[in-house]
Amino acid sequence: MTSSSDRDPPERVVVGMLGCGTVGTGVARLLLDNRDRIADRVGVPVILGPVAVRNLSRRRDVEIERLTSDPHEVTTDPDVDIVIEVMGGIEPARSLIVEALEAGKSVVTANKELVSTLGEELLQLAHGKGARLEYEAAVAGGIPIIKPLRESLAGDRVRRVLGILNGTTNYILTQMTEHGMAFGEALAAAQRLGFAEADPTADVEGNDAAAKAAILASLAFDTRIVAGDVYREGISRVTASDIAFARRMGYVIKLLAIADDDGSRIGARVHPCLIPSDHPLASVRDSFNAVFVEADAVDDLMLYGRGAGALPTGSAVVGDVVSAARGLLSGEQPPAHGTRHSKPIRPFDELVAQYSVRLSVADRPGVLAEIASVFGAQEVSIKSVWQEDTGETAQLVFITHAARERDVQRTVEQLRSLASVRDITSVLRVEGGEV
């Protein structure tokens, strides 16, 4: 069956799938268990057709009638109307999606890596072929954020999007905050529970969240942002001591993905942040995700829920399948969802933010004034100082007013040269304050 708009509407919609791991299993289960409800919402039955897997003999938690080891059986099957891609990675996922789109089939993907690097090209190809490319599940699992940014907020001006987009790191930071665990101990707990991979680099170093930030920034600001444009800094250097000091000052540490439009340039970044303990994102615990949107008309908007998992992510995938199936039945030309502007990316060293700088210093008269003069020489204004004495050494935490990244880094470099400074323990950015 073909999905071309010049054919009669189909009496059923056949869905093929590439991959059947954790997410694919969740998708298959929802398509099969909810088939009557989905048929009611689409208008015709939605049938799970061929599913391509690497290992045909592997036992699965869901009964699938037609398994194949050849993914081209999915992308070239004339009976398949919609292809779901849940393989992950760039290749062969990209080539298979291109093959499906070239055949006029709509594609639903959960592949954040692919969408954040090649999404623009794939969207253009889909539009040219009269097909759809849907990717709600690529960001924040079961939380609906792609369609709200693309459609619901289309008439508003979004100023900033910030969120907790990685459940692994949020779980780790929650354990460190609530149970005083060290980073390594909390990571091991996350791995035991299946929240973290054996190689957690993509999560803990911010790469996963950066890919999602690129997708959100592209949609929010209608300009092309790829994963490589996003500054990233992970949580592996965050210590229990950092978290304890933050708590005493009324803050919580979270790994945030942040994108903003200053009117002429786009900024996109992922890094640990201090946020006030009464900020809505501060209460997002464990493996949950949340996205906070600041816009002119709606003001502040937050979406919260499970950011990963077979059924939450599968729900987002199936929602896209329903949208694509409805479009197929109506014969409506899919809208062009590519970006239309090309604003430059703001260099990270031009970021203006508040900062927390924690120092271990000699506990003697004149040290505080000496350090404050270094901040002043770089035009970094100090908002508050927290001091805690530990014998011959004192811990000083400076919270700055809004300052430029490069000026703060120059301040840190000069502080390292002072004999009175024993160690610069941490430099963290502060969100949710005066900027």
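The values are calculated or read from the model by the stated rules, or taken from the named source; none is laboratory data. Since the structure is predicted, the reported quantities are computational estimates derived from the model, not experimental observations. As a convention, Cβ positions derive from the backbone with ideal geometry for all residues, glycine included, and neighbour counts pool all protein chains shown. The area values use the complete protein model at the heavy-atom level, side chains included, leaving out ligands, DNA and RNA. Shrake-Rupley method; radii C 1.70, N 1.55, O 1.52, S 1.80 Å.
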- prompt: Tell me, what are the semi-axes, in whole angstrom and largest first, of the equivalent ellipsoid of segment 231-272 as set by the roots of 5 times the Cα gyration tensor eigenvalues?
  reply: 26, 13, 5
message: For a quick check, take a GNM of the chain with Cα springs below 10 Å and name the residue from E91, E392, E134 with the largest mean-square fluctuation.
response: E392
statement: Among beta bridges assigned by DSSP with both residues in the chain, the antiparallel ones amount in percent, to the nearest 5, to 70
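For segment 217-323, report the convex hull volume of the alpha-carbon atoms normalised per residue, in Å³, without decimals.
155
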Convex hull volume per residue in cubic angstrom - Cα atoms of segment 45-99: 94
Convex hull volume per residue in cubic angstrom - Cα atoms of the chain: 140
query: What does the accessible area of L368 come to, in Å² to the nearest 10, when a probe of 1.4 Å is used?
result: 80
statement: For the chain, the longest principal axis of the Cα atoms and the Cα long axis of helix 405-416 enclose an angle in degrees, to the nearest 10, of 40
- request: Kindly provide the pair-distance distribution of segment 260-397 built from C-alpha pairs, with 5 Å bins from 0 and whole-percent values in order of increasing distance.
  value: 2, 6, 9, 11, 12, 14, 13, 10, 7, 5, 4, 3, 2, 1, 1, 0
- request: Output the relative contact order of the chain, whole-number percent, from Cα pairs under 8 angstrom with separation of 6+ residues.
  value: 16
- prompt: Percent of alpha carbon pairs in segment 339-391 separated by more than 14 Å?
  reply: 68
message: I need the calculated FRET efficiency for the pair R60 and D349, taking r as the beta carbon distance and R₀ as 41 Å, to the nearest 0.05.
response: 0.25
query: Which three extents, in whole angstrom, do the alpha-carbon atoms of segment 395-435 cover along their principal axes, largest first?
result: 33, 21, 12
statement: Quick shape summary for segment 356-435, equivalent ellipsoid via Cα gyration tensor, semi-axes whole Å in descending order, reads 20, 14, 11
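Indicate the gyration tensor shape class of segment 53-208 (rounded, prolate or oblate), computed on the Cα atoms with a ≥ b ≥ c the square roots of the eigenvalues: a/c under 1.5 is rounded; otherwise a/b larger than b/c is prolate and the rest oblate.
Judged from the Cα gyration tensor, segment 53-208 comes out oblate (a/c at least 1.5, b/c at or above a/b).
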- line: For the E379, E121 Cβ pair and Förster radius 35 Å, calculated FRET efficiency rounded to 0.05 is 0.20
- request: For segment 343-364 and segment 245-269, write down the distance between their C-alpha centroids in whole Å.
  value: 12
- prompt: Could you give the angle, 0 to 90 degrees to the nearest 10, between helix 310-330's Cα long axis and the longest principal axis of the Cα atoms of the chain?
  reply: 50
- prompt: Taking a ≥ b ≥ c as the square roots of the eigenvalues of the Cα gyration tensor of segment 187-271, is the shape rounded (a/c under 1.5), prolate (a/b larger than b/c) or oblate?
  reply: oblate
Check: segment 1-83 dipole with +1 on Lys, Arg Cβ and -1 on Asp, Glu Cβ, in debye: 440
field: Size of charge dipole - segment 188-280 - debye, nearest 20, with Cβ of Lys, Arg +1 and Asp, Glu -1, no other charges
entry: 280
field: Carbon + sulfur, % of accessible area of segment 340-435 - ligands and nucleic acids excluded, 1.4 Å
entry: 47
message: Could you report segment 158-284's accessible area per residue, 1.4 Å probe, as an integer in Å²?
response: 34
For segment 13-65: Kirkwood Rh in Å [reciprocal of mean 1/r, alpha carbons]: 11.6
- prompt: Does segment 315-357 come out rounded, prolate or oblate by the C-alpha gyration tensor, with a ≥ b ≥ c the root eigenvalues, rounded set by a/c under 1.5 and, if not, prolate when a/b is larger than b/c and oblate if not?
  reply: oblate
message: Placing unit charges on C-beta atoms (Lys and Arg positive, Asp and Glu negative, everything else neutral), compute the dipole magnitude of the chain about its Cα centre in debye, rounded to 20.
response: 240
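How much length, in nm to one decimal, is gained on full extension between D299 and R285, taken as 0.36 nm per residue of separation minus their Cα-Cα distance?
Value of the extension gain: 2.7 nm.
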query: What's the carbon and sulfur percent of segment 58-138's accessible surface, probe 1.4 angstrom, rounded to a whole number?
result: 44
query: Once both axes come from the Cα atoms, what is the angle between helix 207-221 and the longest principal axis of the chain, in degrees from 0 to 90, rounded to 10?
result: 80
statement: Lys and Arg at +1, Asp and Glu at -1: neighbours of F398 with Cβ under 10 Å from its Cβ sum to +2
statement: For W386 and R340, extending 7 Å from Cα along the Cα-Cβ vector and measuring point to point gives, in nm, a value of 4.7
